[in-house]
Amino acid sequence: MHLLERAKTLRSEQTEAEQRLWYYLRAHRFMGMKFKRQKPMGRYIVDFICHESNLIVEVDGGQHQENAAYDQRRDAWLQEQGYTVLRFWNHEVMQQIESVLEAIRLAAEGVLSRALSPGPSPAGGRGE
């Protein structure tokens, strides 16, 4: 499947956590920043990206525990392109949205400038 078609499919199949975060990020609602969702970057697709602040926000489920090496390569490539990558587990977005939004705000302001990865996989797999 072509990368653009895959991104379009991912937009229509967002997890509940991705939908919740998108509610805050879309249409310049969050700090006036222009985020895009499920955007192709090179050979990858990122969950949310704000080009103005060189910020990528990923929302991960438990499936990413098995793909840790892939995520590390992907994050390294994105950082080489000049982006800060923030990662959150589904359950963090669903249960701690204010903390997630604060971390995004700090990253957008340049306070956080390194890739952040989620901790151990939440109980129940996808953190739902």
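So what does log10 I(q)/I(0) come out to for the stretch 3-108 at q = 0.16, 0.17, 0.20 Å⁻¹, using the Debye formula with one equal point on every Cα and no solvent?
-0.68, -0.78, -1.12
With both bridge residues required to lie in the stretch 3-108, what share of the DSSP beta bridges run antiparallel, to the nearest 5%?
Given both bridge residues lie in the stretch 3-108, the antiparallel proportion sits at roughly 55 percent.
Values quoted throughout were computed directly from the atomic coordinates according to the rules given, and no laboratory measurement underlies them. This structure is a prediction, so every number in the text was calculated from the model and none was measured.
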